[in-house]
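> Quick one: the structure is below, questions incoming.
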Amino acid sequence: MGHWLERNIVEPGKLPLLLALTAFVLTFLITRVVTRLIRAGKGPFGNVSTGGVHIHHVVPGVVLTVVGGFGAVTSGRHGFVAGLCAVVFGMGAGLVLDEFALILHLDDVYWTEEGRKSVEVVVLTAALVGLMLAGFSPFGVNDVTQEEAQDRGGVITSVVVNFLFAMLVLFKGKTRMAIFSVIVPLVGLIGVIRLARPGSPWARRFYRSRPRARARATLRSYHRDKRWSGPRRRFQDLIGGKPDPTPSLERR
């Protein structure tokens, strides 16, 4: 294990990335545990306020992200300082993305349905960083051979083709698949081949005069959402906690 870590993580300069990812995930999990305890009125924790203003943890998260990011830029990829800056940056990113929904909506939606976006973004970010840690590079640059790497034209072509795949998948309304296709080009190829989601720009443009394709896309989307919405909701509840009921549900 030690030899594998040295050869695959330390020597290539990936140790700061591993430390940042670990700090990111742990910070997010610890933050969710603390906020759920505060919500339940248990434990010694409580909200932080000053002058009547509630201080969200995105504020120290931004500070840590800035400090860790600038420190990482000046420290290189090796040494104690690089590792320390990576940990600080990971902690800050965990705090910031835990309140991603607040930033997106400019409102305190932490315990609402909209707040689930924070959990989705954190899981997606951790998965993408994990792929990069495993050796995947954006837009398939890792798939370029040594001879092609010496030819700038080959590298540029690979990047442009995979970028177009990602944009086409996004155009088909498959946001998560488009993001993953940036790291794993095969995902983009699958997304390009499969039908677009109904209501996407692609469906509105190309399925308008193709009722059979439009019906197939709608049926496939319905079955997919029906199959995965329940497990995805339970997973989000397990990590982030159940959102508060909406007023309409409370009246019922």
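The values are calculated or read from the model by the stated rules, or taken from the named source; none is laboratory data. Because the structure is a prediction, the values reported are computed rather than measured. Every residue, glycine among them, receives a Cβ derived from its backbone with ideal geometry; neighbour counts consider all protein chains shown. Just so you know, the surface numbers come from the protein's heavy atoms only, side chains and all, with ligands and any DNA or RNA stripped out. Shrake-Rupley method; radii C 1.70, N 1.55, O 1.52, S 1.80 Å.
> Do you know which of the residues in segment 84-110 that are aliphatic (A, V, I, L, M), in contact with a Leu (Cβ under 9 Å, 6 or more places away or on another chain) and open to solvent by less than 70 Å² (accessible area, probe 1.4 Å) is farthest from Ile9 (Cα to Cα)?
Here the residue is Val109.
The rows are residues; the columns are (1) closer than 22 Å to Val34 by Cα; (2) out of contact with any Gly (no Cβ under 8 Å at 6 or more places or on another chain).
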residue: Thr74; (1), (2): no, yes
residue: Arg77; (1), (2): no, no
residue: Val87; (1), (2): yes, no
residue: Gly92; (1), (2): yes, no
residue: His105; (1), (2): no, yes
residue: Ser118; (1), (2): yes, no
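> Would you confirm whether any residue within segment 72-83 is of a type in the set (S, T, N, Q) and either open to solvent by 60 Å² or more (accessible area, probe 1.4 Å) or without any contact (Cβ under 8 Å) to a residue 12 or more places away in the chain (or both)?
So the first thing to find is which residues in segment 72-83 are of a type in the set (S, T, N, Q), and the list is 74-75.
Next, only the ones that are either open to solvent by 60 Å² or more (accessible area, probe 1.4 Å) or without any contact (Cβ under 8 Å) to a residue 12 or more places away in the chain (or both) stay: 74-75.
Yes, segment 72-83 contains at least one residue that is of a type in the set (S, T, N, Q) and either open to solvent by 60 Å² or more (accessible area, probe 1.4 Å) or without any contact (Cβ under 8 Å) to a residue 12 or more places away in the chain (or both).
> Still on this model: If you check every pair at least six apart or on different chains, which have Cβ atoms under 7 Å apart with a residue in segment 215-231 that is under 13 Å from Ala196 (Cβ atoms) first and a residue that is at pLDDT 85 or above and part of a helix (DSSP H, G or I) second?
Filtered contacts from segment 215-231: Ala217/Ala203.
> For segment 113-124, give me each residue that is open to solvent by 40 Å² or more (accessible area, probe 1.4 Å) and part of a helix (DSSP H, G or I). Can you show your working first?
Looking only at segment 113-124, we keep the residues that are open to solvent by 40 Å² or more (accessible area, probe 1.4 Å), and these are 113-114, 117, 120, 123.
Selection gives Lys117, Glu120, Val123.
> May I pose another question? Can you find, within segment 224-243, the residue that is farthest from Val123 (Cα to Cα) among those that are surrounded by 15 or more Cβ atoms within 10 Å (Cβ to Cβ) and over 17 Å from the mean Cα position of the chain (by Cα)?
Among those residues, the one meeting the criterion is Pro243.
> If you scan segment 1-41, which residues turn out to be open to solvent by less than 20 Å² (accessible area, probe 1.4 Å) and among the charged types (D, E, K, R)?
If the condition is that a residue be open to solvent by less than 20 Å² (accessible area, probe 1.4 Å) and among the charged types (D, E, K, R), then Arg32 is the only one that fits.
> Kindly indicate which of Val62, Val34 is assigned to a helix (DSSP H, G or I), modelled with pLDDT under 95 and among the aliphatic types (A, V, I, L, M).
On the way: Val62 fails: modelled with pLDDT under 95.
Going through Val62, Val34 in turn, the sole match is Val34.
> Next up: From the list Gly191, Gly173, which residue is under 24 Å from Thr125 (Cα atoms), modelled with pLDDT of 85 or more and not in a helix (DSSP H, G or I)?
Gly173
> Let me ask something additional. Under 9 Å between Cβ atoms, which residue pairs at least 6 apart in sequence (or on different chains) link something in segment 85-109 that is in contact (Cβ under 8 Å) with a residue 24 or more places away in the chain with a partner that is assigned to a helix (DSSP H, G or I) and of a type in the set (Lys, Arg)?
Taking only residues 6 or more apart or on different chains, the pairs are Asp98/Arg32.
> Given the conditions (1) open to solvent by less than 30 Å² (accessible area, probe 1.4 Å); (2) modelled with pLDDT of 85 or more; (3) in contact with a Phe, Trp or Tyr (Cβ under 7 Å, 6 or more places away or on another chain); (4) not polar (S, T, N, Q), report the number of the one that Pro185 does not fulfil.
Going through (1) open to solvent by less than 30 Å² (accessible area, probe 1.4 Å); (2) modelled with pLDDT of 85 or more; (3) in contact with a Phe, Trp or Tyr (Cβ under 7 Å, 6 or more places away or on another chain); (4) not polar (S, T, N, Q) one by one, Pro185 breaks only (2).
> So, one more: On the basis of being over 22 Å from the mean Cα position of the chain (by Cα) and over 22 Å from Ile9 (Cα atoms), does Thr50 make the cut?
Working: over 22 Å from the mean Cα position of the chain (by Cα): yes; over 22 Å from Ile9 (Cα atoms): yes.
Spelling it out, Thr50 is indeed over 22 Å from the mean Cα position of the chain (by Cα) and over 22 Å from Ile9 (Cα atoms).
> Just checking, does segment 195-217 include any residue being open to solvent by 60 Å² or more (accessible area, probe 1.4 Å), within 30 Å of Asp98 (Cβ to Cβ) and of a type in the set (Phe, Trp, Tyr)?
No, because not a single residue in segment 195-217 is open to solvent by 60 Å² or more (accessible area, probe 1.4 Å), within 30 Å of Asp98 (Cβ to Cβ) and of a type in the set (Phe, Trp, Tyr).
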